[in-house]
Amino acid sequence: QGTRDHAPAQAVLRDRLLSAVVSCFKRHGAAAIDTPALELRETLVGKYGEGAKLIYELQDQGGELLALRYDLTVPFARYLAMNKINTMKRYHVAKVYRRDNPATTRGRYREFYQCDFDIAGQFDPMIPDAECLKIVHEILSDLQLGDFVIKVNHRRILNGVFAVCGVPESKFIPACSTVDKLDKIPWEEARSEMVGEKGLSPEAADRIGEYVQLHGGLDLIERLLQDPKLSQNKLAKEGLGDMKLLFEYLTLFGITGKISFDLSLARGLDYYTGVIFEAVLLQQDHEHGEEALSVGSVAGGGRYDGLVGMFDPKGRKVPCVGVSIGIERIFSILEQRLEASGEKLRTTETQVLVATPQKHLLAARLKLISELWDAGIKAEMLYKKDPKLLKQLQYCENTGIPLAAIVGEQELADGVVKLRDVATREEVRM
């Protein structure tokens, strides 16, 4: 089905991962919000380019056509418009749904978590955009996933490139969706799609090819600002000006070593209006002759200044920029690493097992465990009247419970509990 169940160890791993991501979002001052899994179909349609065919639509529900949310960005824009909010820094961790062909080895599912961070409001150019890139850098560095690169481009630069290459405006979005495939297909294949399927002239496609295969840093931005064709195009000039400012801020954040200005990055979503970015892992660890896990992009985002206005009755615009972390793809990598290392994950946080060495002491165990729970201590016991002590200690070892609180007849008579360190077997009466 392309959805997945999580075994206890996987659930623990996922929770750790989500916790690390949410900690970063909170560190940057974001507040949590939530939106429903169901949206009106009209809310979602027309916002995702070629991705629209992956929207899960539901049958007529008493006059309403509904759909499951495809991402967390469009519902956020709808939320801002409905509640007349002009300024907000938020994060949202929730499931989204896509009627896709699943590829579980690549972390691609029909139901999966997204972790989004967005800054909404009218601010000075590129400052919020730079912070979103800093967040991606922080998260990928903290998770120690290996080497990565964050590709950055600008929708206006792309539109400017298409304009100077002779592409009619009506074909900007179709051309964009083809350029967006350049990380998966060679240029020759992309060129033939542009000409054969998207109706571009061979000359226009060749001119696009000269630009979209470029990538670099501030030096490339400077070079394109001097480009005789692009420098005459208003959109491209504005986009390059934004990129130059962005790189100044990224230099101050000290992260330009991981940033690549890449003209092939298009991100096929219709709602982007400015800076767009995507984080890609460059290589995966693979030990014992195993194949590297190919997961592609692990984070992406950009600026979408026009989206809120689509939902506002008066067309009131709220500029927004945001990033989405592909948690399932990262999870796939960490899961494979865990399997390769043979490390066992603790699946509970239990601190102590209440145990008895003799028969007929169930009442003593129930009384002691109740006191521990009431005192906020994470405790367990075996659900048997008279379990053998060895079995109880074995359970501690199997599940990683560090301590056993043992109450036998002697301990009851003396009014004490014997606390045993399961790993070292040291015991202390208290």
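The values are calculated or read from the model by the stated rules, or taken from the named source; none is laboratory data. The shown structure was predicted, so the numbers you read here are calculated from the model rather than taken from an experiment. Don't worry about glycine lacking a Cβ; one is built from the backbone with ideal geometry, like all the others, and counts go over all protein chains shown. We work out accessible area using only protein heavy atoms, side chains counted, and drop any ligands, DNA or RNA first. Shrake-Rupley method; radii C 1.70, N 1.55, O 1.52, S 1.80 Å.
Annotations for the structure displayed:
- Filter pass, residue 380 being among the acidic types (Asp, Glu), more than 29 Å from residue 95 (Cα to Cα) and touching a residue at least 24 places away in the same chain (Cβ under 8 Å): yes
- Test for residue 337: is it open to solvent by 10 Å² or more (accessible area, probe 1.4 Å), touching a helix residue (DSSP H, G or I) at 6+ places or on another chain (Cβ under 9 Å) and assigned by the TED database to the domain that holds residue 72: no
- Failed item, numbered, when residue 134 is tested on (1) open to solvent by less than 20 Å² (accessible area, probe 1.4 Å); (2) part of a helix (DSSP H, G or I); (3) touching a helix residue (DSSP H, G or I) at 6+ places or on another chain (Cβ under 7 Å): (1)
- Residues of region 170-215 that turn out to be in a loop (DSSP other than H, G, I, E, B) and either closer than 23 Å to residue 297 by Cα or not assigned by the TED database to the domain that holds residue 257 (or both), as a count: 5
- Of all residues making up region 216-233, the number that are surrounded by fewer than 15 Cβ atoms within 10 Å (Cβ to Cβ), more than 12 Å from residue 153 (Cα to Cα) and touching a residue at least 12 places away in the same chain (Cβ under 8 Å): 2
- Pair list, Cβ under 6 Å, 6 or more apart: region 392-412 residue without any contact (Cβ under 8 Å) to a residue 60 or more places away in the chain, other residue hydroxyl-bearing (Ser, Thr, Tyr) and surrounded by 15 or more Cβ atoms within 10 Å (Cβ to Cβ): 401/350; 407/356
- Criterion violated by residue 123 - all others in (1) under 21 Å from residue 269 (Cβ atoms); (2) in contact with a Pro (Cβ under 8 Å, 6 or more places away or on another chain); (3) aromatic (Phe, Trp, Tyr) satisfied: (1)
- Hits in region 1-34 - residues which are modelled with pLDDT under 95, of a type in the set (S, T, N, Q) and under 18 Å from the mean Cα position of the chain (by Cα): 3, 10, 19
- Yes/no for residue 96 being open to solvent by less than 10 Å² (accessible area, probe 1.4 Å), β-branched (Val, Ile, Thr) and modelled with pLDDT under 95: yes
- Residues satisfying the stated conditions in region 355-374, i.e. under 19 Å from residue 421 (Cα atoms) and touching a helix residue (DSSP H, G or I) at 6+ places or on another chain (Cβ under 7 Å): 355, 356, 357
- All strands (runs of 3 or more DSSP E) inside region 353-430 with 2 or more residues being open to solvent by less than 90 Å² (accessible area, probe 1.4 Å) and either out of contact with any strand residue (DSSP E or B) (no Cβ under 9 Å at 6 or more places or on another chain) or within 29 Å of residue 343 (Cα to Cα) (or both): 403-406, 418-421
- Restricting the first member to region 136-162 and to residues that are of a type in the set (Lys, Arg), and the second to residues that are assigned to a loop (DSSP other than H, G, I, E, B) and open to solvent by less than 30 Å² (accessible area, probe 1.4 Å), the beta-carbon pairs closer than 9 Å and six or more apart or on different chains are 151/264; 151/265; 155/266; 155/272; 155/274; 156/274.
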